[in-house]
Structure formats: C-alpha cells, structure tokens
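Below is one structure, written out as structure tokens; the observations come after it.
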Amino acid sequence: MNWVQQVRDELAKFTDEERAKTSMRYFQAFPGGYGEGDHFIGVRVPDQRKVARKYYREMPLAAVEQLLKDPIHEYRFTSLIILTHKFEKAKTSEDRQEIVELYLRNSAYVNNWDLVDASADKILGAYLFHGDRSLLYELAESGDLWSQRIAMIATFHFIKQNDFKDALKIATLLLEHDHDLIHKAVGWMLREIGERDYTVEYEFLEKHYRDMPRTMLRYAIEKFDPEVRSKLLKGAI
C-alpha cells in the first residue's frame with residue numbers, strides 16, 4: 001500500500017482554494033516572510049487531525065518520514081500529528097527513541113510555528129523529561145529559528161509537570177533574540193509557568209522584564225492583574 005498517497009488522497013477531500021490563499025498570508029509564505037516558499041492546499045486543522053487519527057496506527061514510520069518531507073504544509077502537519085500519536089502509544093523506549101530520532105533528523109521540515117507547537121512538547125519534551133536535556137540547550141543556541149522555538153516549546157511538557165527550571169534557563173538564553181516568533185514562544189511559556197506558580201514567573205520577570213522585548217513581556221503578563229501588568233509595561237516595578 002502507498003501510505004503517503006493514501007493520506008494525500010484523504011486530505012484532498014478537504015481542500016479549499018480560498019483557505020489556501022489565507023494560509024499563505026497567515027503563515028507568511030511570501031518572499032521575505034518567515035514561511036517563504038511554503039505551499040498550502042487549504043485543509044483545516046481539525047480535518048488534518050481526523051486524517052492523522054485514521055492512519056497513525058498502521059502507517060509505517062518510513063512513510064510518515066516521507067510525508068514529513070513534503071513541500072505541502074498540511075502534509076507535514078498531518079505527519080507530525082501522526083508522529084505524536086505514535087509516540088504517545090509507543091510501548092517501548094526503543095520505539096520512542098526511534099520516533100524522536102526521526103523527528104530530530106527531519107527538524108528542517110518542522111519549519112513553521114504551528115508545526116513546532118503541535119509536536120515539540122509532545123515528542124521531544126515528553127522524551128527528555130526523564131532524560132538528558134542538554135540537547136535543548138544545543139537547539140536554543142543553534143541560531144536556527146525553528147530549532148530555537150522547538151527548544152522553548154519542548155519545555156511545555158516539563159512545565160505541565162510543574163518542572164520550570166529548564167524553561168526558565170532557555171527563556172534566559174533567548175531573551176535577546178531578534179525574532180517575534182521567539183518572543184511569543186518565550187512569553188507564552190512564561191505565562192504557562194505563571195498559571196501554575198505565579199511567584200516563580202513574577203520573580204523571573206522582576207529580574208528580567210526591563211531587558212525583554214515588548215511582545216515577549218506582553219505575552220508573559222497577559223493573565224496578570226491589570227494593575228501589575230500596567231506597572232510592568234511602564235517599567236515601574
């Protein structure tokens with residue numbers, strides 16, 4: 001069976017030309033945009049997830065990897081959802097390691113923020129929770145935008161377990177990053193920490209907020225009391 005073609009055919013049932021055009025703009029797939037060169041066929045995320053659920057059990061990893069290398073954005077997204085399902089259902093550490101190795105050697109294809117956000121914590125973060133997390137620091141210091149976002153978002157798995165140490169360290173490494181997508185990722189993870197332990201986030205911000213890009217700070221304090229939020233934005237803490 002040609003598994004890749006099967007998935008493509010399933011996704012073809014949901015294509016929408018106008019949605020594809022909208023996605024091109026939304027994910028900045030235009031010259032000079034962060035998604036330059038990407039291609040879309042206009043399939044909604046719920047439909048991609050539906051197709052992934054249908055195929056993840058039987059689709060071989062080699063076929064998933066082939067799909068992940070496709071120039072069509074929705075094919076890559078669907079392949080990553082299939083991988084997350086396979087990782088969650090994996091019965092052995094060897095199976096989980098094989099999936100993570102596939103993910104890492106194809107990280108160049110995890111090349112937009114939605115692709116990272118749908119997979120990094122569920123695959124890499126989950127795998128490294130009980131392991132050597134030094135890889136995350138290598139990714140954070142790599143200079144590659146998507147690898148750096150993978151590093152930050154992977155810590156979401158740790159944050160959900162109330163383990164904040166690495167998220168805060170990687171956030172510190174990325175404080176002076178020049179890209180808006182990293183500012184948003186760091187701010188988001190800091191906000192998630194604050195939802196679980198306000199004091200931890202507040203103490204981090206108290207130390208660093210004056211050096212943080214405005215977007216990062218706004219994301220981080222989105223759920224704060226309005227008065228505290230205002231003081232932080234005015235530099236009055």
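The values are calculated or read from the model by the stated rules, or taken from the named source; none is laboratory data. Just so we're clear, the structure is a prediction, and the values are computed from it rather than from any experiment. Every residue, glycine among them, receives a Cβ derived from its backbone with ideal geometry; neighbour counts consider all protein chains shown.
Can you find a residue in the range 148-159 that is closer than 24 Å to Arg57 by Cβ, touching a helix residue (DSSP H, G or I) at 6+ places or on another chain (Cβ under 9 Å) and surrounded by 15 or more Cβ atoms within 10 Å (Cβ to Cβ)?
Yes: the range 148-159 contains one or more residues that are closer than 24 Å to Arg57 by Cβ, touching a helix residue (DSSP H, G or I) at 6+ places or on another chain (Cβ under 9 Å) and surrounded by 15 or more Cβ atoms within 10 Å (Cβ to Cβ).
Pairs under 6 Å by beta carbon, first residue free of Cβ contacts under 8 Å to residues at least 12 places away in the same chain in the range 15-38, partner surrounded by fewer than 18 Cβ atoms within 10 Å (Cβ to Cβ) and part of a loop (DSSP other than H, G, I, E, B), six or more apart or different chains?
Between residues of the range 15-38 that are free of Cβ contacts under 8 Å to residues at least 12 places away in the same chain and residues that are surrounded by fewer than 18 Cβ atoms within 10 Å (Cβ to Cβ) and part of a loop (DSSP other than H, G, I, E, B), the close pairs are Gln28/Tyr34.
For the range 107-151, name all the residues that are more than 23 Å from Lys69 (Cβ to Cβ), touching a Leu at 6+ places or on another chain (Cβ under 8 Å) and not acidic (Asp, Glu).
If the condition is that a residue be more than 23 Å from Lys69 (Cβ to Cβ), touching a Leu at 6+ places or on another chain (Cβ under 8 Å) and not acidic (Asp, Glu), then Leu128, Leu136, Tyr137, Ala140 are the ones that fit.
Each row is one residue, and each column tells you yes or no for (1) farther than 20 Å from Phe164 by Cβ; (2) crowded, with 19+ Cβ neighbours inside 10 Å; (3) at pLDDT below 95.
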position	(1), (2), (3)
Leu104	yes, no, no
Trp113	yes, yes, no
Ala118	yes, yes, no
Leu128	no, yes, no
Leu136	no, yes, no
Leu139	no, yes, no
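So how many residues does the range 29-68 have that are within 24 Å of Arg105 (Cα to Cα), of a type in the set (Asp, Glu) and crowded, with 17+ Cβ neighbours inside 10 Å?
The total comes to 2.
Taking the condition modelled with pLDDT under 95, assigned to a helix (DSSP H, G or I) and farther than 25 Å from Asn106 by Cα, does Arg210 pass? Before the answer, list the steps.
Numbers: modelled with pLDDT under 95: yes; assigned to a helix (DSSP H, G or I): yes; farther than 25 Å from Asn106 by Cα: yes.
The answer is yes for Arg210.
Mind checking whether some residue in the range 190-207 is under 23 Å from the mean Cα position of the chain (by Cα) and at positive phi?
no
Go through (1) of a type outside the set (S, T, N, Q); (2) in a helix (DSSP H, G or I); (3) closer than 24 Å to Val186 by Cβ for Asp132 and report which single condition fails.
For Asp132, the exception is condition (2).
Condition (residue is charged (D, E, K, R), within 19 Å of the chain's Cα centre (by Cα) and crowded, with 22+ Cβ neighbours inside 10 Å) applied to the range 178-187: is it met by at least one residue?
So in the range 178-187, the residues charged (D, E, K, R) come out as 178, 180, 184.
This time we only want the ones that are within 19 Å of the chain's Cα centre (by Cα), so: 178, 180, 184.
Filter once more, keeping what is crowded, with 22+ Cβ neighbours inside 10 Å: none.
No; the residues of the range 178-187 include none that is charged (D, E, K, R), within 19 Å of the chain's Cα centre (by Cα) and crowded, with 22+ Cβ neighbours inside 10 Å.
For residues in the range 164-208 being of a type in the set (Asp, Glu) and touching a residue at least 24 places away in the same chain (Cβ under 8 Å), which is nearest to Ser134 (Cα to Cα)?
Restricting to residues being of a type in the set (Asp, Glu) and touching a residue at least 24 places away in the same chain (Cβ under 8 Å), the top hit is Asp166.
Quick check: anything in the range 62-78 in the same structural domain as Asp9 (by TED's automatic domain parsing), at pLDDT 95 or above, out of contact with any strand residue (DSSP E or B) (no Cβ under 6 Å at 6 or more places or on another chain) and outside any helix (DSSP H, G or I)? I'd like the intermediate steps shown before the answer.
Filtering the range 62-78 for residues in the same structural domain as Asp9 (by TED's automatic domain parsing) gives 62-78.
Subsequent filtering for residues that are at pLDDT 95 or above retains 62-78.
Then drop every residue that is not out of contact with any strand residue (DSSP E or B) (no Cβ under 6 Å at 6 or more places or on another chain), which leaves 62-70, 73-78.
Subsequent filtering for residues that are outside any helix (DSSP H, G or I) retains 69-70.
Within the range 62-78, one or more residues are in the same structural domain as Asp9 (by TED's automatic domain parsing), at pLDDT 95 or above, out of contact with any strand residue (DSSP E or B) (no Cβ under 6 Å at 6 or more places or on another chain) and outside any helix (DSSP H, G or I).
I'd like the residue in the range 79-103 that is assigned to a helix (DSSP H, G or I) and among the small types (Gly, Ala, Ser) and, out of all such residues, is nearest to the chain's Cα centre (by Cα).
Here the residue is Ser79.
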